[in-house]
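The values are calculated or read from the model by the stated rules, or taken from the named source; none is laboratory data. Note that this is a predicted model, so its numbers are computed, not measured. As a convention, Cβ positions derive from the backbone with ideal geometry for all residues, glycine included, and neighbour counts pool all protein chains shown. When the accessible area is computed, the model is the full protein with side chains, heavy atoms only, and any ligands, DNA or RNA have been set aside. Shrake-Rupley method; radii C 1.70, N 1.55, O 1.52, S 1.80 Å.
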Amino acid sequence: MGISKNTELVREILKNNSQVENILNEFDKPETQRFRDMVYNYIKKNNTYLSFRNNLLIIQVGIPIIGSIITAFSASMDLWVKILILVIFLLVSLLVFWIARVLPDDFDKFNQEVTRLKLVNLSERLAAKIALFDKIFEEDITEDKELIKRISSFVELESSIVSEDDKKIIRRCMDPESRFETSRETNITIPVEHIKLTPAGKEKLQQITYEISALAEYMFGGKGYSAKLYLRVLKPFEDETLEVLTSFSRFPLKESKSYGTSWVKSRGNPSIVWECLERGSYKVAHTDTRSELYYNSVLAICLPGRIGVLAIHGNQKDCFDDKMDKTTYNLLTFSTKQLLLETLREEN
């Protein structure tokens, strides 16, 4: 895939706002280049900067002395004129003294302080825009039954096409007396061909998880994020209603006939995604260090109307810890649902 549209949007926002603060180059340069430029600027401008500071110190000492001399030798002036001249010289001296005190010892520190203030201004500007966007979101914990019904219509899950192994898992999950040692005992595989979306629709859902994975690097830091989109599906199965969180897309997409595991609703030991959906918010979990999973942490986010769950996986154990807030949750849920609705509107 090409560059994520959301990634391009992030760069455009940073570009537009950082141009206002004249720090556009700070975002275009890699970390190593920033440090290299810092050293270069220090070597190039250090002598001039130190000379400026030394001149300030000389002026600071010289101004009151010159003022005192002028006052003392101007016998023809009135007393109040002498006092006024002395006060003016003292004020100028204090101003120069204050400038000399607040300036850092070298140009490198001074440049960092200026950049830090501009970055604070940029952060406040972006925060104000996000705050306005955040007002669009209206929390809705009720089930969107119509949308769940529409999503379910795209999935084939009849008993005649389900594998025998998956049938055993489904029957056991639907048995209220069943108990599970691990949530892995409740997952089944639904082949891609049983999700009856057009190729364009599947590609668009794939784009959602791709872009979420790319944006996760900005939101949570680090690298190596992946994402899955689970949608809630209700289907008749052997005279009962089967409820499954079915994986409709994933990134990266592996060479297989499915988008990964789908989770059957069960009692006793629900999976992370089902626990998240029933809670109606989000859940951060860590995997067992002995497991062979390709991720170490997972962030599960319930979509509005309880229509499904967005799962973001990270390679680092603590990549989501203390990094979730209401605004991040709202942005992820609202944008994911909107992209999903756009996809479904284009389907026949």
Practice task
Output the number of residues of region 216-236 satisfying the condition of being open to solvent by 30 Å² or more (accessible area, probe 1.4 Å) and part of a helix (DSSP H, G or I).
Solution key: 3
Exercise for the section: Please tell me if residue 223 is of a type in the set (Lys, Arg) and modelled with pLDDT under 90. Expected result: yes
Exercise for the section: Please work out which one of (1) surrounded by fewer than 21 Cβ atoms within 10 Å (Cβ to Cβ); (2) modelled with pLDDT of 90 or more; (3) in a strand (DSSP E or B) is the condition residue 309 fails and give its number. Expected result: (1)
Handout entry: Among (1) modelled with pLDDT under 90; (2) over 30 Å from residue 315 (Cα atoms); (3) surrounded by 15 or more Cβ atoms within 10 Å (Cβ to Cβ) - the single one residue 142 does not satisfy
Key = (3)
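Got a number for residues in region 237-252 being on the phi < 0 side of the Ramachandran plot and not in a strand (DSSP E or B)? First the steps, then the outcome.
Step one: list which residues in region 237-252 are on the phi < 0 side of the Ramachandran plot, which gives 237, 240-252.
Now drop any that are not not in a strand (DSSP E or B), which leaves 252.
Qualifying residue count for the region: 1.
Is it true that residue 211 is on the phi < 0 side of the Ramachandran plot and open to solvent by less than 20 Å² (accessible area, probe 1.4 Å)?
Numbers: on the phi < 0 side of the Ramachandran plot: yes; open to solvent by less than 20 Å² (accessible area, probe 1.4 Å): yes.
The answer is yes for residue 211.
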Exercise for the section: Of the numbered conditions (1) at pLDDT 70 or above; (2) surrounded by 12 or more Cβ atoms within 10 Å (Cβ to Cβ), residue 124 fails exactly one; give the number of that condition. Expected result: (2)
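Could you list all residues from region 296-348 that are in contact with a His (Cβ under 7 Å, 6 or more places away or on another chain) and closer than 21 Å to residue 250 by Cβ? Lay out the reasoning, then the answer.
Keep residues of region 296-348 that are in contact with a His (Cβ under 7 Å, 6 or more places away or on another chain), which gives 296-298, 317.
296, 297, 298 - these are the residues of region 296-348 that are in contact with a His (Cβ under 7 Å, 6 or more places away or on another chain) and closer than 21 Å to residue 250 by Cβ.
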Fill in the blank from the handout: Subset of region 160-170, residues part of a helix (DSSP H, G or I) and surrounded by fewer than 15 Cβ atoms within 10 Å (Cβ to Cβ), comes to 160, 161, 164, 165, 167, 168
Exercise for the section: Say whether the condition of being at pLDDT below 90, more than 21 Å from residue 194 (Cβ to Cβ), among the hydroxyl-bearing types (Ser, Thr, Tyr) and open to solvent by 10 Å² or more (accessible area, probe 1.4 Å) is met by at least one residue in region 257-277. Expected result: no
